[in-house]
Amino acid sequence: SQKIEQNSEALNIQEGKTATLTCNYTNYSPAYLQWYRQDPGRGPVFLLLIRENEKEKRKERLKVTFDTTLKQSLFHITASQPADSATYLCALFSFQKLVFGTGTRLLVSP
Amino acid sequence: DTAVSQTPKYLVTQMGNDKSIKCEQNLGHDTMYWYKQDSKKFLKIMFSYNNKELIINETVPNRFSPKSPDKAHLNLHINSLELGDSAVYFCASSQDPPGGGGTQYFGPGTRLTVL
């Protein structure tokens, strides 16, 4: 069956460290993958897109990798700040629609 | 300026009632969506319209009926509400259909509670 798995347990890190979130998928062949941030009581906000022929994408303190062999994307936030605390969702494009993972909650403590 | 807006923000109603949620986007986008996010935070596509035409219709009970009067609006009408319909409903829009890889812009959500 098709699955998108993100760590359901919250990731707790200290300010200044690098946060690494994982998105694994099974039985999909996505043309691209996106990462979104969702704060409590708000809608998801787009962060980055990476296509199947790209290994890595960067935007400011954010970096995404995409390994189609491992069927995995990693999302990194360097020099993390308490303001980065939120739920991060990966979404992959399959069968003409975006399919979302359940998200990983990130908590950055001062 | 709000890019994607939804009304109402909260909706509490009794089982069996009919209700509507409205969505408007001022981004000039051609594609709009409805998503449902359940209590486990799983976000799932329900419908998508491109230029007022239905392009995605997931396995959703036919009690749910989307209506797009124009490109900027996509409303969701729900008949005979059931307890299991309780969730947060998000409207979203993008310039291109999902195949184009475009960013989706989400509204603030409507929390529907069915008693």
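Would you mind checking the pairs B:41/B:71; A:63/B:71; A:97/B:22 and listing those with alpha carbons more than 26 angstrom apart? Mind dumping the intermediate values first?
Working: B:41/B:71 28 Å; A:63/B:71 34 Å; A:97/B:22 22 Å.
Those over the limit are B:41/B:71; A:63/B:71.
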Report, ordered by chain and residue number, the aspartates and glutamates lying within cross-link reach of residue A:59, taken as a straight Cα distance under 20 Å and ignoring same-chain residues fewer than 8 apart.
A:15, A:39, A:67, A:84
Counting other C-beta atoms within 10 Å, and keeping those with at most 15, which DSSP coil trypsin sites (Lys or Arg not before Pro) do you find in region A:1-64?
A:17, A:42, A:55, A:61
If each residue of separation counts as 0.36 nm, what is the full-extension length gain between residue A:22 and residue A:58 once their alpha-carbon separation is subtracted?
11.4 nm
With a cut-off of 8 Å between alpha carbons and a minimum separation of six or more residues, what is the relative contact order of chain B in percent?
36
The ratio Rg/Rh over the Cα atoms of region A:1-52, Rh being the Kirkwood inverse mean 1/r radius, stands at 1.00
Enumerate the aspartates and glutamates that residue A:71 could reach by cross-link, defined here as Cα to Cα under 17 Å, with residues fewer than 8 away along the same chain left out.
A:5, A:52, A:54, A:56
Quantify, in whole percent, the carbon and sulfur part of the accessible surface of the protein assembly as shown (1.4 Å probe; protein heavy atoms only).
48
Over its alpha-carbon atoms, chain A yields an Rg and a Dmax in Å of 13.3, 42
Counting other Cβ atoms within 10 Å of each Cβ, which GluC sites (Glu not before Pro) in region A:38-110 have at most 10 and sit in a DSSP loop?
A:60
Restricting region B:12-109 to trypsin sites (Lys or Arg not before Pro) in coil, as DSSP defines it, with at most 15 other Cβ within 10 Å:
B:40, B:52, B:63
Just want to confirm a number: the relative contact order over chain A, from Cα pairs under 8 angstrom separated by 6+ residues, in percent.
36
Across peptide B:101-113, what mean number of C-beta atoms from other chains lies inside 10 Å of a residue's C-beta?
4
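The values are calculated or read from the model by the stated rules, or taken from the named source; none is laboratory data. Nothing here was measured: the structure is a model prediction, and the numbers come from that model. Every residue, glycine among them, receives a Cβ derived from its backbone with ideal geometry; neighbour counts consider all protein chains shown. Only protein heavy atoms, including side chains, enter the accessible area calculation; ligands, DNA and RNA are left aside. Shrake-Rupley method; radii C 1.70, N 1.55, O 1.52, S 1.80 Å.
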